[in-house]
Amino acid sequence: MATNNRRMSGKKGAQVGSGGQRRRGLEGKGPTPPAEMRKGHKKNRVANAKAKQAVRRPAPRGRGGKSSSELVVGRNPVVEALREGVPASTLYVQQFIDNDERVREALQLAAERGGINLMEAPRPELDRMTNGLNHQGLVLQVPPYEYAHPEDLASAAYDDGEDPLIVALDGVTDPRNLGAVVRSVSAFGGHGVVVPERRAAGMTAGAWKTSAGTAARTPVARATNLTRALEAYKKAGIVVVGLAADGEHEIGELGALSGPVVIVVGSEGKGLSRLVGETCDFRVRIPMPGGAESLNAGVAAGIVLYEAARKRG
């Protein structure tokens, strides 16, 4: 009887509540994820199968060959790569990931672009893929870049009724410099960039980002041997001009820039290698009244390309 009295008592005091569970249960859980991310959905199974095949399938080789695939790791790098239009084949998302703004933006950008597989993976699998790097639950796979052949650049220019304007890089190892050169070639009406196959920067995600999207329309060719590629250009009637701090000519004095030309830019520290320098028809210098000893490859190429475009215009 005493128990019944306590139950029916009107006395105020501590009450047993839901602890906010009911209120939280009414709150939304964010936008519905794409079908490719919903476990058990047909599109999810298809995307997972395609992603696994893409990782295992060896890359076919074209005329200029292909690079190996690359992984962009971490929330900020992945979002930035997607914003800049870096090519991507698969976005890996960790299971039960903490869904913050960067994760949501990455999923949205990947879905809007289309053609990117969305694959959910457990953390141990992402750890294995990235060799233990701090991936923060997001990994973007960049497909192999398909390089052109050096001959393709000149052929495309002649097909358009134009004199070839090509930049070759000798010993440039920073992908950001390569991206900057690609951007300058595009800005001044050039027909492409040639890089050596070894000991040189390639078209990585960093180069794509620095190119600000111009890499999508400006081809990059890869030469097995840069010296032989330059000699082939010379046999085809294209003048090879090398940039050197002790060059015999100033860029403003060189009339050869108005015709078919390959501009060779060396590394900031070492400049042109001996064999490449000996292969050049002309060695030109950029006058620098301010006294700077050298310019990085991206800046030097931009200056010479501007002068070539001015003479052609």
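Report yes if residue 153 is in contact with a His (Cβ under 8 Å, 6 or more places away or on another chain), open to solvent by less than 30 Å² (accessible area, probe 1.4 Å) and more than 22 Å from residue 186 (Cα to Cα), otherwise no.
Criteria not met by residue 153.
Would you pick out the residues in the stretch 50-68 that are crowded, with 16+ Cβ neighbours inside 10 Å and either at pLDDT 65 or above or within 13 Å of the chain's Cα centre (by Cα) (or both)?
65, 66, 67
If you scan the stretch 191-202, which residues turn out to be at negative phi and open to solvent by 10 Å² or more (accessible area, probe 1.4 Å)?
Those that are at negative phi and open to solvent by 10 Å² or more (accessible area, probe 1.4 Å): 191, 196, 197, 198, 200, 202.
Please give the number of the condition residue 209 fails out of (1) of a type in the set (D, E, K, R); (2) outside any strand (DSSP E or B); (3) within 21 Å of residue 172 (Cα to Cα); (4) touching a strand residue (DSSP E or B) at 6+ places or on another chain (Cβ under 9 Å).
Checking residue 209 against (1) of a type in the set (D, E, K, R); (2) outside any strand (DSSP E or B); (3) within 21 Å of residue 172 (Cα to Cα); (4) touching a strand residue (DSSP E or B) at 6+ places or on another chain (Cβ under 9 Å), the one that fails is (4).
Are any residues in the stretch 154-192 β-branched (Val, Ile, Thr) and without any contact (Cβ under 8 Å) to a residue 40 or more places away in the chain, and if so, which ones?
Answer for the stretch 154-192, where residues must be β-branched (Val, Ile, Thr) and without any contact (Cβ under 8 Å) to a residue 40 or more places away in the chain: just 182.
Yes/no matrix, rows are residues, columns are (1) surrounded by fewer than 22 Cβ atoms within 10 Å (Cβ to Cβ); (2) outside any strand (DSSP E or B):
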| site | (1), (2) |
| --- | --- |
| 221 | no, no |
| 233 | no, yes |
| 262 | no, no |
| 288 | yes, yes |
| 295 | yes, yes |
| 301 | no, yes |
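The values are calculated or read from the model by the stated rules, or taken from the named source; none is laboratory data. The structure presented is a predicted model; accordingly, all values stated were derived computationally and were not measured. Using ideal geometry, Cβ is built from the backbone for each residue, glycine included, and neighbour counts are taken over all protein chains shown. For the accessible areas, the whole protein counts, side chains as well, though only heavy atoms, and no ligand, DNA or RNA atoms are used. Shrake-Rupley method; radii C 1.70, N 1.55, O 1.52, S 1.80 Å.
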